[in-house]
Each structure stands twice: as C-alpha cells, then as structure tokens.
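Here's the structure, in structure tokens; my notes come after.
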Amino acid sequence: MKQRKKEPVRTRQAILDAAGVEFSIGGYSGSGLGSIVSRAELTKGALFHHFPDKQALAKAWIADALAPAMEKLWIAPMDVLSSLDAFRSFCRARCMELRPGDPASALVSLTAETAAAYPELGVALEVVFSDWRASIATWLERGKAAGWIHRSIQPAVEASFIISVFSGFTVTTQCRSDDSMHRTCASALDAYLETLRAQ
C-alpha cells in the first residue's frame, strides 16, 4: 500500500474507479472489497471511511460513474441528432462498439445480477435506465414534430423497446469473439429503425 496524504476526494474517486473495473470484470458478487482496495492501492479502512459496505459503494459508483458515462456515450449525443438517418448511424456505431465493461454492458450486467436481490441497487440502476429511455423518447417526439418520424408511433413505447433491444445486444454480442454478431445485431436494429420513418 502506498502512503498517501489525506486527500478524501481523490481517495473516494480511486475507490470508485477500482470498483468500476472490478464490477465490470467480476460482476457485483465476484467483486470483493479486498480486490477493490488492492486495485485502488488503499486500505479497507480508507474504503470504509467513504462507504459503509459494498452495496453503498455500488450505489455511489452507479450514480457518480456509470450514470455520467451513459450520459456522455448515449444521452448527450442525442441532442445533436437531427434526422432518422443520423440516429440509425449513431445506433449502428454504438452497437459495433459494445464490449464487456463498456457503460451499457456494465449497466445491463449489473442490473441482471443485482436488481431483484438488492432492491436499492435496482432503484439506482432504474434511474440510469429511465434517463436513457427518456432521452430516446424525447428525440422521437422531436422527430415527430419535425416530420421525419412517423406521427403514429408512441415515443415512450418505442424508446423502451430500443433500450430492451440494446440490453439484449450487450449479452448476445459477448458470445462471439469476432464482430459478426455485432454486425448482425446492428443490421437488424437498422431495419427496425427504418420502420419509424415518416411516410
């Protein structure tokens, strides 16, 4: 362990960063506090100074690291997409980039593992999903108003479906070591998105 000056903000961030790596590699159950503090090069005392237990650490990581990562990768870019073709290209790129440990994959994996067993984590994870769905629903509403999304669609319903599709892709694409499944999933999604086009 390195001797550190007391820098609570840096220490907390180092713990969150280490927890994120461990959660992405081993999941919640497979990530022990010992491995997290070892990766952060800190002591358990430093961890417990900031987080009373692993569940509190996971909730903090979801709010302070996972949610901002999803905002940067998925939500903020939606503001500048001004056509269905731009959205299709954006979704294709995100699909081709899916890898274990990326924000969407981490969100889905952690949810599948913990949401039922740890209701507080489920609530924290649903906040991230809700923001993701809302960003797509808002974009679809904007597209309807602008005339490039079909006026009959229900944005909240379509947004939920799109998020569910991507959630499934995060699992499916991990089964192949090459990009063939990524391409297959991206093509299927692209064909579906075309059905949203205004006639």
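The values are calculated or read from the model by the stated rules, or taken from the named source; none is laboratory data. Note that the coordinates shown come from a computational prediction; the quantities given were computed from them, not determined experimentally. Quick reminder, even Gly has a Cβ in these numbers, built from the backbone with ideal geometry, and neighbours come from all protein chains shown.
Details
- Residue, modelled with the lowest pLDDT, within the stretch 144-176, restricted to residues that are surrounded by fewer than 20 Cβ atoms within 10 Å (Cβ to Cβ) and hydroxyl-bearing (Ser, Thr, Tyr): Thr172
- In this structure, Gly20 does satisfy being touching a residue at least 40 places away in the same chain (Cβ under 8 Å) and not assigned by TED's automatic domain parsing to the domain that holds Ala112.
- Residues of the stretch 56-113 classified as crowded, with 18+ Cβ neighbours inside 10 Å and within 20 Å of Ala188 (Cβ to Cβ), total: 12
- Look at (1) free of Cβ contacts under 8 Å to residues at least 24 places away in the same chain; (2) β-branched (Val, Ile, Thr); (3) closer than 30 Å to Met181 by Cα and you find that Ile36 fails only one, number (3).
- So Trp148, is it under 30 Å from Trp61 (Cα atoms) and of a type in the set (Phe, Trp, Tyr): no
- Taking the conditions (1) of a type in the set (Gly, Ala, Ser); (2) loosely packed, with under 14 Cβ neighbours inside 10 Å; (3) in contact (Cβ under 8 Å) with a residue 12 or more places away in the chain in turn, Ser130 satisfies each one other than (3).
- Residue count for the stretch 150-184 under the criterion of being out of contact with any strand residue (DSSP E or B) (no Cβ under 7 Å at 6 or more places or on another chain) and either among the β-branched types (Val, Ile, Thr) or outside any helix (DSSP H, G or I) (or both): the result is 17.
- Just one of the listed residues (Leu189, Leu196, Leu121) is in contact (Cβ under 8 Å) with a residue 12 or more places away in the chain, aliphatic (A, V, I, L, M), more than 25 Å from Ala86 (Cα to Cα) and surrounded by 12 or more Cβ atoms within 10 Å (Cβ to Cβ), and it is Leu121.
- Flag for Gly32 being within 16 Å of Glu113 (Cβ to Cβ) and modelled with pLDDT under 90: no
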